[in-house]
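Comments concern the structure below.
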Amino acid sequence: MSWWWARATAAAKKKYDDEEAPPRSHQSVGLVIGVTGIVGNSLAEILPLPDTPGGPWKVYGVARRPRPAWNANHPVEYIQCDVSDSHDTQHKLSQLTDVTDIFYVTWTNRPTEPENCEANGAMFRNVLHALIPNAPNLRHICLQTGGKHYIGPFEKMGSIKTLSPPFTEDMPRLNVQNFYYTQEDILYEEANDKKGLTWSIHRPTTIFGFSPYSLMNIVGTLCVYAAICKHEGLPLKFPGSKAAWEYYSAAADADLIAEQQIWAVVDPNGKNEAFNCNNGDVFKWEHLWKALAERFGIEKYGFKEGEKISLVEMMKDKGHVWEEIVRENQLRPTKLEDVGLWWFADLILGGGDFLGSMNKSKELGFLGFRNSVNSFATWIDKMKDSKICVLNKGIQVVRKIRQGLCHLCTFFFYYFLEFFFFVLYKLKRAESWWCIYDEPLAFGSSGTVNSLRMSWWWDRATAASKKKYNDEEAPPRRHQSVGLVIGVTGIVGNSLAEILPLPHTPGGPWKVYGVARRPRPACNANHPIEYIQCDVSDSHETQDKLSQLTDVTNIFYVTWTNRPTEAENCEANGAMFRNVLRALIPNAPNLRHICLQTGLKHYVGPFEKLGRIKTPSPPFTEDMPRLNVQNFYYTQEDILYEEVKEKKGLTWSVHRPTTIFGFSPYSLMNIVGTLCVYAAICKHEGLPLKFPGSKAAWEYYSVASDADLIAEQQIWAVVDPNGKNEAFNCNNGDVFKLEHIWKALAERFGIEEYGFKEGEKISLAEMMKDKGDVWEEIVKENQLEPTKLEDVGVWWFVDAMLVGGDFLDSMNKSKEHGFLGFRNSVNSFVTWIDRMKDSKIVP
């Protein structure tokens, strides 16, 4: 599922038949430099599609070699031109006076980086000198560079100090020669020569795509390696390091990179900016290696510690083996040296911490994504379909059966889908994969998007629309939905209480009941909800107070209680949840949906078992089996499945956030509030802000869930059919390191000395047990809301969270079902610190 046009470009990739297409007047003319490369090939497929933004597109494709057979079906005007030759470039490209947009996606490799700078700089300048003076309608230039922008050229990789990832586009350049820097400087200089000419720079990480001619085709190279292992009856040994096998990696699907570049061409927010580009998830090579082995029918595969494998060495005498494979399987004639880039695979699989952040790209409006494991498998299949390599015979048989069934059903099924999406389009007036427009999507004469809301699915983002709702100014509203928030003073309940009553919240106007055990706190008093004090652990009180709420349409269950053992947790939390459902399901005739919030402990086990039981290898996905331990999340889910059967048409969703960033003085899991209190005490006593966790927690990647984002996902599940009867992970969609969070915390409290010191063991539970009087002083001196230290500092929880561990989860299912919400985690953390300060909880 793709980003923002025609539901998905992948679904629209049927062969474009010019004979059947109506006459089209080209709105845009693209010039793809490097059209036979890994991204150039994707641009050549996507740009000519009838529904590509900015189109209809006429496309020129430039490459050094004669046009290959596998590229012949793309409806592009192919130009064989060596752009390293200034005369050849000027002669052939200066004639393309109708070009409106340049996609520069090629490069050449030289022995040293100074030579790379000279050669690649000259190639790029040759193209610009041929086009800028001669194409009067030229409006935008896309330059593709890559992740080496942040880690340096190949010859320096691992030998120079880089900034701490995840890498962001605003990081300064490294003090080394890098042909990417050379190209950028040429772009800035040459674009100044033409008024109104805009540009964008795209920095993908390791690319998954298709091209036998690419200098960086990791998928193709690994396919060839696997085919040789299969042919010789060898195990598929992982030829990389332990770090590459176990650590997190990111990839960029070639189609996704093409989509981002087209977005930058047509969207004003994409102009004159540099963007990272990756699939928006992380993976481990152990998962991709399994997919590779399965695709080639190799049963024995994996990584063996202590065994050093170099593909360059292993493959240097395998040319004759590849010739046998080509001949026996009737593949396209290729030489091993053309399809196997062994030096590149050895480099990529050597390991390293090279993740880049997609936050800037998303914040400016590009919400494209891919499931990296699926992307990897898709491109393997493309290599096979193009007769570059051969797949496992069993997979071929299965695919042929599927193809036969597809042909049988095509006439009925395909045209039904066409009709269905046409009707859907008309009804919803241009509903895209990731956002809803108030007006039909339209492209202006310049190819830009008009009336486009660049958020997930309502009004930019709920965070942006959080102005105080003034009932006096609001027109009278008839409530369409009635929400019941159980745990309304908690960290997510508080966000639901703010967001649901907003005038533009989907499913609304909303009437909201909020239930909590305590009296209504001052920090919650301004929310336009009907507050109900009720202890849901008491079945009689729950029945008495909640059974009267006969107008409730949706339940948001976002509370829990903590007991000494997990067995007691199962009993207590199960009883609370059942009490609520039994009070509402028989008595609320219009009840439609129940949101149950659990969490990441679904995958790692309860607190008492944390780190002591074997868990599946992350990133965690919703289809992973339950652990063989008691877990009150499992108890709650089973109760949910059982109770919803009592009411026909009643749907549900389960939401599994990770560590939550949000606001509530009363939450049992408020890590932001607890760290704010710790920082305030350190500041008050003139102490350094020492990191109280492990080295692993300090250095490893973490994920978090913004409380507003969790609320948004739950509201999405209520109103969107794709959210019904499913479980969803929920995190911000990025990764971070706690060293970055810690820096933000120290800055917000004006503490200059902070950080992690190896060998120093700190327990906040121990450190804070005698600090009650210190907190009283802070509250009094700063005129804060009266609170006790034990109410605002959940020390045991923070100690548990900062022990460290590999706890990343995947948002792919949620995105594939239609929820594309996200947050920048560092910014989210800072926002909630400021909220704690504004509410006078901390100074």
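The values are calculated or read from the model by the stated rules, or taken from the named source; none is laboratory data. Since we're looking at a predicted model, the values are computed, not measured. When we count neighbours, we look across all protein chains shown, and the Cβ atoms used for this are built from the backbone with ideal geometry, even at glycine. Side chains included, ligands, DNA and RNA excluded: accessible areas come from the protein's heavy atoms. Shrake-Rupley method; radii C 1.70, N 1.55, O 1.52, S 1.80 Å.
Things worth noting here:
- Selected residue (criterion: farthest from Ile46 (Cα to Cα)) from residues of the stretch 153-180 that are touching a residue at least 60 places away in the same chain (Cβ under 8 Å) and not in a loop (DSSP other than H, G, I, E, B): Phe154
- The lone criterion from (1) outside any helix (DSSP H, G or I); (2) surrounded by 14 or more Cβ atoms within 10 Å (Cβ to Cβ) left unmet by Val312 is number (1).
- Residue in the stretch 649-661 that is within 30 Å of Val774 (Cα to Cα), crowded, with 22+ Cβ neighbours inside 10 Å and in contact with an Asp or Glu (Cβ under 7 Å, 6 or more places away or on another chain) present: yes
- Among the residues of the stretch 149-164, just one is open to solvent by less than 10 Å² (accessible area, probe 1.4 Å) and in contact with a strand residue (DSSP E or B) (Cβ under 7 Å, 6 or more places away or on another chain), namely His149.
- Of the helices (runs of 4 or more DSSP H) lying entirely inside the stretch 217-293, those containing at least 3 residues that are touching a strand residue (DSSP E or B) at 6+ places or on another chain (Cβ under 6 Å) and aliphatic (A, V, I, L, M) span 254-266.
- Residue within the stretch 237-251 that is within 29 Å of Val703 (Cα to Cα), at pLDDT 95 or above, in contact with a Cys (Cβ under 9 Å, 6 or more places away or on another chain) and not β-branched (Val, Ile, Thr) present: no
- Taken together, the residues in the stretch 798-840 that are in contact with an Asp or Glu (Cβ under 6 Å, 6 or more places away or on another chain), open to solvent by less than 20 Å² (accessible area, probe 1.4 Å) and either of a type in the set (A, V, I, L, M) or closer than 12 Å to Gly673 by Cα (or both) amount to 0.
- Gly490 satisfies every condition listed in (1) out of contact with any Pro (no Cβ under 6 Å at 6 or more places or on another chain); (2) at pLDDT below 90 except (2).
- Filter pass, Trp263 being open to solvent by less than 10 Å² (accessible area, probe 1.4 Å), touching a residue at least 12 places away in the same chain (Cβ under 8 Å) and not basic (Lys, Arg): yes
- Applying the criterion of being within 16 Å of Leu591 (Cβ to Cβ) and free of Cβ contacts under 8 Å to residues at least 60 places away in the same chain to the residues of the stretch 516-555, the residue that is least open to solvent (accessible area, probe 1.4 Å) is Thr542.
- Restricting attention to the stretch 181-212, the residues that are closer than 30 Å to Gly340 by Cβ, out of contact with any strand residue (DSSP E or B) (no Cβ under 8 Å at 6 or more places or on another chain) and part of a loop (DSSP other than H, G, I, E, B) add up to 3.
- Within the stretch 354-364, considering residues that are of a type outside the set (Phe, Trp, Tyr) and touching a Ser or Thr at 6+ places or on another chain (Cβ under 8 Å), the one most open to solvent (accessible area, probe 1.4 Å): Lys360
- Taking the conditions (1) of a type in the set (S, T, N, Q); (2) under 29 Å from the mean Cα position of the chain (by Cα); (3) modelled with pLDDT of 95 or more in turn, Gln630 satisfies each one other than (2).
- Within the stretch 338-355, the residues that satisfy the criterion of being part of a helix (DSSP H, G or I) and of a type in the set (D, E, K, R) are Asp338, Asp346.
- Subset of the stretch 779-812 [polar (S, T, N, Q) and over 26 Å from the mean Cα position of the chain (by Cα)]: Asn782, Gln783, Thr787
- Taken over the stretch 52-88, the criterion of being among the polar types (S, T, N, Q) and open to solvent by 50 Å² or more (accessible area, probe 1.4 Å) is satisfied by Asn73, Gln80, Ser84, Ser86.
- Here Glu115, Glu155 are screened, and the one residue that is modelled with pLDDT of 95 or more and among the acidic types (Asp, Glu) is Glu115.
- Here Trp343, Trp322 are screened, and the one residue that is open to solvent by 80 Å² or more (accessible area, probe 1.4 Å), at pLDDT 90 or above and in contact with a Leu (Cβ under 9 Å, 6 or more places away or on another chain) is Trp343.
- Hits in the stretch 699-720 (condition: open to solvent by 40 Å² or more (accessible area, probe 1.4 Å) and over 18 Å from Trp510 (Cβ atoms)): Glu699, Tyr700
- Just one of the listed residues (Ile613, Ile681) is more than 24 Å from Val735 (Cα to Cα) and touching a helix residue (DSSP H, G or I) at 6+ places or on another chain (Cβ under 7 Å), namely Ile681.
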